[in-house]
Amino acid sequence: MTALPTTATAPSAFPAQAPAAAPDVLLRCRELVRPALGEAVGRLHPWVAEMAAYSFGWCEVGGAPAAAPGGKGVRQALAVLGAEAAGADGRAGIPAAVAVELVHAFSLLHDDIMDGDATRRRRPAVWKAYGTGPAVLAGDALFALAVETLAAAPGGPEALRLLSAALADLVRGQADDLLFTTRPWGGPQRVTPEEYRRMAEGKTGALLGCAVALGAALGGAPEPVVTALDRAGRRLGIAFQLIDDVLGIWGDPAVTGKPVHGDLRERKKTFPVLAALGSPAARRLPALLDSPGRAAQAAALIEEAGGRTATLAEARAHMDAARALLAKTPLAAGPADELHGLLDHLTSRNL
């Protein structure tokens, strides 16, 4: 790969609103990837393919076409931009985009079952619409399809190595997230902020880092560039999870598609809670958290104790680290600018 100009450092503060170009990037990449993603899903057993299509918002139960809001296609965009940042045509990143989107869908199907979440994107989750067993089967099929997609791509063995490493980290992160709910709010067995960061990097950051790294690898980037992009994506993932934590407590259900204070009622050890528990002002917080009917009072106390402010500051720190990694990595200038814009867009959503 020929030498490419290094990008300039982006501003460190979250913008008041997302840059206008970011949604265009998501739309462009989704449209580029959609035919290949649809073709891949079409290779599945018809019933399993219907569940997959339902999870993507393409159809209703029974297969009738739907205009339900699907995902934003963040991982698809990162894979395409990774290839373009490596100096290749964005089409080189399509197999990576399809694979990571399939893995993401697989993880959401299983995650909803593990968490008991009955809705996803403001309609019944797959397990509620089709049953738990069928949803597990659909998730397994999507995972297998992702592996098949990458194995058939140029550079398949290296791509599969990157995906396997990300999946191992994702499973570790998900395991930690589930185990956190069994641990006490305080004392020597409490969840620490450092444990949270490791969990968030695995559960959310691993696949975001894998997406952009896979795209770059398929685009011909050298190993140091692939590694740097993976690290930047992981930092983005931690920031993304932190913002999700804020939205999980204070977000508008009409926008997030999740019930208000849902994370508190599920006793999740999210970062705002962990940060607030370290404040003397939050002595009453454990008792409130153990009473699901007092979630609104708990949310108010978490904010009063500085949990929301500390979480946003933590997210900014990880975003700054992601930007710094991008700034010192030799990337094609245009796609690198789009990566910066996408990062800003993702961490300024609905705050």
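For segment 322-331, the candidate set comprises residues that are surrounded by 20 or more Cβ atoms within 10 Å (Cβ to Cβ) and aliphatic (A, V, I, L, M); within that set, the residue that is farthest from Gly219 (Cα to Cα) is Ala322. Of the candidates Ala165, Ala118, the single residue that is of a type in the set (Gly, Ala, Ser), within 17 Å of the chain's Cα centre (by Cα), surrounded by fewer than 21 Cβ atoms within 10 Å (Cβ to Cβ) and farther than 22 Å from Arg30 by Cα is Ala165. Check segment 248-268 and report whether any residue there is crowded, with 18+ Cβ neighbours inside 10 Å, within 18 Å of Leu170 (Cβ to Cβ) and among the hydrophobic types (A, V, I, L, M, F, W, C). Looking for residues that are crowded, with 18+ Cβ neighbours inside 10 Å, within 18 Å of Leu170 (Cβ to Cβ) and among the hydrophobic types (A, V, I, L, M, F, W, C), one finds none in segment 248-268, hence no.
Residue pairs whose Cβ atoms lie under 7 Å apart, sitting 6 or more positions apart in sequence or on different chains, and linking a residue in segment 67-80 that is without any contact (Cβ under 8 Å) to a residue 60 or more places away in the chain and closer than 16 Å to Ala52 by Cβ to a partner that is part of a helix (DSSP H, G or I) and of a type outside the set (Gly, Ala, Ser), are Gly70/Phe56; Gly73/Leu26; Gly73/Cys29; Gly73/Arg30. All conditions in (1) of a type in the set (Val, Ile, Thr); (2) in contact with a Ser or Thr (Cβ under 8 Å, 6 or more places away or on another chain); (3) outside any helix (DSSP H, G or I) hold for Val191, with the sole exception of (2).
The single condition among (1) in contact (Cβ under 8 Å) with a residue 12 or more places away in the chain; (2) among the charged types (D, E, K, R); (3) within 19 Å of Thr270 (Cβ to Cβ) that Arg294 does not meet is (1).
Just to be sure, is Leu160 within 22 Å of the chain's Cα centre (by Cα), surrounded by 20 or more Cβ atoms within 10 Å (Cβ to Cβ) and closer than 17 Å to Phe106 by Cα? Criteria not met by Leu160.
The condition of being of a type in the set (A, V, I, L, M, F, W, C), in contact with a Phe, Trp or Tyr (Cβ under 7 Å, 6 or more places away or on another chain) and in a helix (DSSP H, G or I) holds for only one of Ala135, Ala99, Ala175, that being Ala135.
Residues in segment 72-82: is at least one basic (Lys, Arg) and either part of a loop (DSSP other than H, G, I, E, B) or under 27 Å from Val255 (Cα atoms) (or both)?
We begin by selecting, within segment 72-82, every residue basic (Lys, Arg); these are 72, 75.
If we keep only those that are either part of a loop (DSSP other than H, G, I, E, B) or under 27 Å from Val255 (Cα atoms) (or both) too, we end up with 72, 75.
Scanning segment 72-82, I find at least one residue that is basic (Lys, Arg) and either part of a loop (DSSP other than H, G, I, E, B) or under 27 Å from Val255 (Cα atoms) (or both), so the answer is yes.
Among the residues of segment 49-64, those identified as within 17 Å of Thr132 (Cα to Cα) and assigned to a helix (DSSP H, G or I) are Ala49, Glu50, Met51, Ala52, Ala53, Tyr54, Ser55.
Residue-wise test of (1) assigned to a helix (DSSP H, G or I); (2) of a type in the set (Val, Ile, Thr); (3) on the phi > 0 side of the Ramachandran plot; (4) without any contact (Cβ under 8 Å) to a residue 40 or more places away in the chain.
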position: Arg234; (1), (2), (3), (4): yes, no, no, yes
position: Ile243; (1), (2), (3), (4): yes, yes, no, no
position: Ile249; (1), (2), (3), (4): yes, yes, no, no
position: Ala298; (1), (2), (3), (4): yes, no, no, yes
position: Met319; (1), (2), (3), (4): yes, no, no, no
position: Gly334; (1), (2), (3), (4): yes, no, no, no
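The criterion of being of a type in the set (Asp, Glu) and out of contact with any helix residue (DSSP H, G or I) (no Cβ under 8 Å at 6 or more places or on another chain) holds for Asp115. When Ala305 is tested against the conditions (1) crowded, with 22+ Cβ neighbours inside 10 Å; (2) modelled with pLDDT of 95 or more; (3) under 20 Å from Gln241 (Cα atoms), the lone failure is (3). Being modelled with pLDDT under 95 and outside any helix (DSSP H, G or I), is that true of even one residue in segment 31-48? No: segment 31-48 contains no residue that is modelled with pLDDT under 95 and outside any helix (DSSP H, G or I). Out of Arg265, Arg284, Arg323, one residue alone is basic (Lys, Arg) and under 23 Å from Gly90 (Cβ atoms). It is Arg323.
Can Gly133 be described as modelled with pLDDT under 95, surrounded by fewer than 17 Cβ atoms within 10 Å (Cβ to Cβ) and not polar (S, T, N, Q)?
Working: modelled with pLDDT under 95: no; surrounded by fewer than 17 Cβ atoms within 10 Å (Cβ to Cβ): yes; not polar (S, T, N, Q): yes.
So Gly133 fails the test.
The values are calculated or read from the model by the stated rules, or taken from the named source; none is laboratory data. Source: prediction; values computed, not measured. With ideal geometry, Cβ positions are generated from the backbone for all residues, glycine too; neighbour counts draw on all protein chains shown.
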